[in-house]
Every structure is written in C-alpha cells, then in structure tokens.
Amino acid sequence: MEVRVLSGPPILKFMANTQLERQQDGTIKITITLTQDKIKSTQDAVILDLAKQINVAGFRKGKAPLEMATSQLNPEQVREEVLKRLLPQAYIEAVQEHKLNPIMNPKMHIEKIEDGKDWIFYALTCEMPTVELGDYKESVKNLGAKSKIIIPGKEEESKKPPLEEIIKAVLKGAKVQIPQVLAEQEADRLLSQLLNDVKRLGLSLDQYLGSTNRKPEELRAEYLKRAEEDIKLEFVLQKIAEMEKIVVDEKEIEEAIQKAKDPAEKENLSANKYMLAGILRQQKTLDSLMSLIS
C-alpha cells in the first residue's frame, strides 16, 4: 500500500511509537506501532460512516439501526478504511518527530495486524544523499584536450566530444550512494512504462520477454541498474547546478511553455511548472558542462 504523503503541516500527536533505522545505503526504515485504543476509536468512526451508506431493506439509506447496518459491513473494507485514515497521519508524525526530509513517497509494509492488538508497520524512504563531485571541470577539459587533432603543417583541429562522453567523464569522478529503496521505486516506474508500451504493441510481457530472449529477473536487474544510473546523473547535475548557481527564472519557463507543439502539451507544461523548471535547469547545467570545452 503506497501512501502519497511526503510531509505536511504540524499535526496533533497521538498514541504511536516510532523507531528509526538508517541503513548503510541511505535507506531509512521507520517502524511505527499504532496502539489499540487509537485503532479502536478510528474503527468506531469508520463503522459509523460506512453504516450510513448501507442500504437495509425496509429503511431509508442511512436510517437503519446501527447494529443491522454494521452486520452487512465487510470487515476487510472496515480495516482498509482504518488503515487509510491512520497510516498517512502516522507517517507524517514520524517524519516530523525525527526531523526527516524525505525525497520520495514512502513504501509502506504491513508487519502485524491482529484484532485486539497493536498494529505494526514500517515505512521505507530516504533523504537526499551526499554528493561528491570530484574535479568535474578538469575531467571535462581533459576530455576536450583528447579530442584535439594535430596534423603536421596544419592548424590544430578540435571536435567537441558528444554529450554522452562528457556525462560519462563527470559521473566517473563523482561519488554518491543511491538508496536501494529509491532505485527500486524508479525501476518500478520504468518497468511500468515499458509494460504500457508493450501492451500498446498488442503483446503480453511473456511475449516481449520471449522476443528479447530475457528472463523476468534479468529484465528487472537491467532496469534497476538503469534506474541507479539515471538517479546518480540527476543528483550529480543538481549538485553542479547548485555549485555553479544555475537557476531558471519565470521568463524561461513561460518561453518553454509557449514553444509547446499543441494546446494539450502547453496545458500540461503549465500545470507542471516545477517539473519543467527542473528539466530546464538540468539542460542549462549540461550546456554549462559543454561550454567547458574550448
């Protein structure tokens, strides 16, 4: 079950015990125990709300005696609704209590749910890892120097290396530990995108795997590696942008929106200006790296 909550305003404390574990790769595990009294009070409120939506023969909707209405409720539905109400709030409280700054939606795992007992679950998340760039400017300049061609009796010729080579040189000297939970989340997104593309071609995943002669675990490993590389590049470029004070102003964002090829794309960009600003900043950072080669 995924809770799409990263942070929120101050909330009232309630009966929840939390434990924090920072794993070596940067993954943060928050174990949260919800006490039975909080579960019971929430469960009572859920039952009252759901009972009002039950149709009972001989009564107008929501007017049947509570006992008759609740007898028709699905216990799993009640439990699911209780979780929906408690998990996001408990996670936000834990984030605030431990003064965390998550950069992803948490992965929620139910560990123990028993009637009449405390409920235990844990959330996996992470913060921005430390990025060590190394001497990226020197790496790029050296790459440019190697691309110069000297022909006796002629002027020195220089051909700029492709962007892929520049990126490779920058990443080679950079150090950043990618949290496994973040890499797995990105791999899941990439695989979901792949599955949608495969379906549009009228193929099943098994047919696709057969045509590419790969096993599911091989495909997963391939996309996990790709996810780690993509995330590392994003973090490194973000750090370079901070070092070089590269920013994107509102005018640049509006100009990019106006260049959209159709109204639908323009509307989408207008609704996602923060994402667009990130893309533009990344492109400006890449242009800055290219400019290091004379």
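The values are calculated or read from the model by the stated rules, or taken from the named source; none is laboratory data. Note that the coordinates shown come from a computational prediction; the quantities given were computed from them, not determined experimentally. All Cβ positions, even for glycine, are placed from backbone atoms using ideal geometry, and neighbour counts span all protein chains on display.
Could you please give the count of residues in the range 38-59 that are at pLDDT 85 or above and either of a type in the set (Gly, Ala, Ser) or assigned to a loop (DSSP other than H, G, I, E, B) (or both)?
2
What residue, among those in the range 257-294 that are of a type in the set (D, E, K, R) and loosely packed, with under 11 Cβ neighbours inside 10 Å, is farthest from residue 235 (Cα to Cα)? Show your work before the answer.
Pass one, the range 257-294, residues of a type in the set (D, E, K, R): 259, 261-262, 265-267, 273, 281, 284, 287.
Checking the rest, the ones that are also loosely packed, with under 11 Cβ neighbours inside 10 Å come to 259, 261-262.
Working: 259: 27, 261: 29, 262: 31 Å.
Top of the filtered list is 262.
Got a number for residues in the range 215-261 being in a helix (DSSP H, G or I) and either of a type in the set (A, V, I, L, M) or not assigned by TED's automatic domain parsing to the domain that holds residue 176 (or both)?
Let us first name the residues in the range 215-261 that are in a helix (DSSP H, G or I), namely 216-243, 250-258.
Filter once more, keeping what is either of a type in the set (A, V, I, L, M) or not assigned by TED's automatic domain parsing to the domain that holds residue 176 (or both): 219, 221, 224, 227, 231, 233, 236-237, 240-241, 243, 253, 256-257.
Here the count works out to 14.
Residue 202 versus (1) part of a helix (DSSP H, G or I); (2) surrounded by fewer than 11 Cβ atoms within 10 Å (Cβ to Cβ): which is the lone unmet condition?
The number of the failed condition is (1).
Looking at the range 205-245, which of the residues that are β-branched (Val, Ile, Thr) and surrounded by 14 or more Cβ atoms within 10 Å (Cβ to Cβ) is farthest from residue 181 (Cα to Cα)?
240
Among the residues of the range 157-187, count how many are assigned to a helix (DSSP H, G or I), in contact (Cβ under 8 Å) with a residue 24 or more places away in the chain and not β-branched (Val, Ile, Thr). Reasoning before the result, please.
The first filter runs over the range 157-187 and keeps only residues assigned to a helix (DSSP H, G or I), leaving 163-172, 180-187.
Still in the list and also in contact (Cβ under 8 Å) with a residue 24 or more places away in the chain: 163, 166-167, 169-172, 180-187.
In the following step, the residues that additionally are not β-branched (Val, Ile, Thr) were identified as 163, 169, 171-172, 180, 182-187.
The total comes to 11.
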